[in-house]
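What follows is a single structure, written as structure tokens, with notes after it.
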């Protein structure tokens, strides 16, 4: 092996500030960081770095948003998923049903828990197709893990119905979906456990890694609290061998600072999505995200499907727009998935969609001028190719 | 006088300007995951420990867990460690799917190399000696036995950053090492953090993948991995603190020597061997009247702790390993008699003198 890469950086962190219209808006978002610093100084003065008061308060506030009895702060969205599966007893030999159209962490969490991911194809709305779940259930199935992709809740009634018939718990991957609702109920409160990420580019974000698991089941909440902190009943007694995955107190301060702004963040993203919808609808080569009157989509990402996607993406980037693909290679076709024996053609909708999807910047600081520029660029691109 | 066992606010007061500058810089950058700040701290830490590579991870447990996974240790394997450590030392072995095999401690609280060979079986894959209290384990003896049996040596250096063994820093003494940057550690950040050091480029490459979802690049996942990264913000704090670490370690050794001078003959005190330079994450004294001594000190306003009152093999979570009282007599005897006195660089000489006087008054 030659000298390895120092560190692989997600692409959003490489080029971002070179572009005018991009996905990373963090310097703007944290322009008022002196306020956060003052609050952190209080935490430091108390020496309260691990769990503690700020984390407790954050958890109460977060549970109120998710509409659950409990929220448990953990190290990351990945760990929220992983610890949830462990709290439900998922282990070696078990299967967990999920979607192949997701971020790696969804599958990583299942594999880390010792289980095997069983994929089910998606619908045109990018979410797992509930009609196909039942056929994937085997005696080894231990949980269903739907992903509310892009911030659009899955068809939960159908999923919960299948799950109930087979007595399976449902873990919502709500990493994209804070404040999303389904028939009036919040993402994170729809299944047995809900999992959220507060990665810096999420709608509610902290200055590093952070995650939350939500549940209304007291026993599961207690189990999650044990699992995230070495299985410790108190300083000296360990009930079960368990993990270290805690939301940093300092990050809880950042998160609480943003909770007051969350309504505005969500509304801005929804408004920007609506504006794109409106303007993009007239471009025949572009399909705007599917809408469902019964759900509130919070647009962690705004994903269109388009013709000549790769060329369009290059065109947008060349003109200063940070257009991205989330993600071009489905999970079942990743090199890491070879051991599961899937192949091309197994999930035709997913495999088609990944060649067409493009995410346009939709964050809360986007201006309508910027959105107009994005759409104008798309219009010009297709005008050029059709000429 | 009140002498708290831990007083993190004192260090923060001293470093407030530097830490605030780091906070402002990272905040304004908008880069919070991996990136420049993390890489800078990683190169500084590697240079400090004298290794080719260092990797920032989410916490000290992961700093031990990820090297085990990267070495391919899993179900059916055994890893040898000490039962007198923080629970995470054994946990990481269980998390990797392997079985922790304990070896009793020597009188210095570290793994007794004389008992190591008897614990090795055909299933043993690695030895994970703990540098407990910041004192390096008997690495020459351990490494020689490990080499004879083809075992990896992973240093559990969670408490021992900066300590030296025959002139070399902990972190550079085995196949790989895991450090904790938990706030109360000698190099502590403002939250959870961990650090892995190694000279092995392959191991480094595998751990780099494992800590970041197994991602080869943004779109390709070569192996299902974990999410275990040291936050950029915490890396910036760690860089600030690393510059002060040697001075802090010197001060801790000075405090240790004050304690030794004042308590020799009253309670049993730890001492350095000529070839070791401990960093005194903890200063542990021993007394048959430990519990009464602790209450006495508490009445005097002095915070103490026991590291650790229940050995890992007797924890509820370890039941499935089938141990019982008497399996590790040295560790069990230690657990009944050890007491950790306050020790941190900001502790004042008057406070040290007060602790000494208070211990002496108990026995007077």
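The values are calculated or read from the model by the stated rules, or taken from the named source; none is laboratory data. In this text, all values refer to a predicted model and were calculated from it rather than measured experimentally. Quick reminder, even Gly has a Cβ in these numbers, built from the backbone with ideal geometry, and neighbours come from all protein chains shown.
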Note to self: Looking only at the range A:268-283, how many residues end up being in contact (Cβ under 8 Å) with a residue 24 or more places away in the chain and surrounded by fewer than 20 Cβ atoms within 10 Å (Cβ to Cβ)?
What the structure shows: 5
Next item on the list: Could you tell me whether the range B:95-110 includes any residue that is crowded, with 19+ Cβ neighbours inside 10 Å, in a helix (DSSP H, G or I) and not assigned by TED's automatic domain parsing to the domain that holds residue B:335?
Entry: yes
Notebook entry, point to check: List the pairs whose first member sits in the range B:331-357 and is under 11 Å from residue B:1 (Cβ atoms), whose second member is at pLDDT below 95, and whose Cβ atoms are under 7 Å apart, counting only residues at least 6 apart or on separate chains?
Noted result: B:351/B:1; B:354/B:1
Notebook entry, point to check: Filter the range A:183-224 for residues that are over 17 Å from the mean Cα position of the chain (by Cα) and part of a loop (DSSP other than H, G, I, E, B); which is nearest to residue A:143 (Cα to Cα)?
Noted result: A:192
Margin query: Anything in the range B:290-313 that is more than 14 Å from every other protein chain (Cβ to nearest Cβ) and free of Cβ contacts under 8 Å to residues at least 24 places away in the same chain? List them, or say none.
Written below: B:295, B:298, B:299
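For residue B:137, state whether it is crowded, with 23+ Cβ neighbours inside 10 Å and assigned to a loop (DSSP other than H, G, I, E, B). Can you show your working first?
Working: crowded, with 23+ Cβ neighbours inside 10 Å: yes; assigned to a loop (DSSP other than H, G, I, E, B): yes.
The answer is yes for residue B:137.
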Item checked: Residue under evaluation residue B:71, criteria (1) within 12 Å of another protein chain (Cβ to nearest Cβ); (2) in contact with a helix residue (DSSP H, G or I) (Cβ under 9 Å, 6 or more places away or on another chain); (3) under 15 Å from residue B:208 (Cβ atoms); (4) surrounded by fewer than 24 Cβ atoms within 10 Å (Cβ to Cβ), criterion not met -> (1)
Next item on the list: Looking only at the range B:329-354, count how many residues are over 14 Å from residue B:305 (Cα atoms) and either at pLDDT below 95 or assigned to a helix (DSSP H, G or I) (or both).
Entry: 11
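Only one residue in A:178, A:220, A:193, A:265 is surrounded by fewer than 24 Cβ atoms within 10 Å (Cβ to Cβ) and under 19 Å from residue A:71 (Cα atoms). Which one? Spell out the reasoning first.
Working: A:178 fails: surrounded by fewer than 24 Cβ atoms within 10 Å (Cβ to Cβ); A:193 fails: surrounded by fewer than 24 Cβ atoms within 10 Å (Cβ to Cβ); A:265 fails: under 19 Å from residue A:71 (Cα atoms).
Step by step, each of A:178, A:220, A:193, A:265 is checked, and only A:220 is surrounded by fewer than 24 Cβ atoms within 10 Å (Cβ to Cβ) and under 19 Å from residue A:71 (Cα atoms).
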Next item on the list: Just need a number here: residues in the range A:218-255 that are without any contact (Cβ under 8 Å) to a residue 40 or more places away in the chain, in contact with a strand residue (DSSP E or B) (Cβ under 7 Å, 6 or more places away or on another chain) and closer than 21 Å to residue A:57 by Cβ.
Entry: 0
Checklist line | helices (runs of 4 or more DSSP H) (entirely within the range A:35-137) containing at least 3 residues that are within 11 Å of chain B (Cβ to nearest Cβ) | finding: A:77-87, A:104-112
Check: Of the residues that make up the range B:207-215, is at least one in contact with a helix residue (DSSP H, G or I) (Cβ under 6 Å, 6 or more places away or on another chain), at pLDDT below 95 and at the interface with another protein chain (Cβ under 10 Å from one of its Cβ atoms)?
Finding: yes
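Kindly provide the set of residues from the range B:286-307 that are in a loop (DSSP other than H, G, I, E, B) and either outside the structural domain of residue B:357 (by TED's automatic domain parsing) or touching a helix residue (DSSP H, G or I) at 6+ places or on another chain (Cβ under 7 Å) (or both), ordered by number. Walk me through it before giving the result.
In the first step, residues of the range B:286-307 are kept if they are in a loop (DSSP other than H, G, I, E, B); the result is B:287-289, B:300-301, B:303-304, B:306-307.
B:287, B:288, B:300, B:304 - these are the residues of the range B:286-307 that are in a loop (DSSP other than H, G, I, E, B) and either outside the structural domain of residue B:357 (by TED's automatic domain parsing) or touching a helix residue (DSSP H, G or I) at 6+ places or on another chain (Cβ under 7 Å) (or both).
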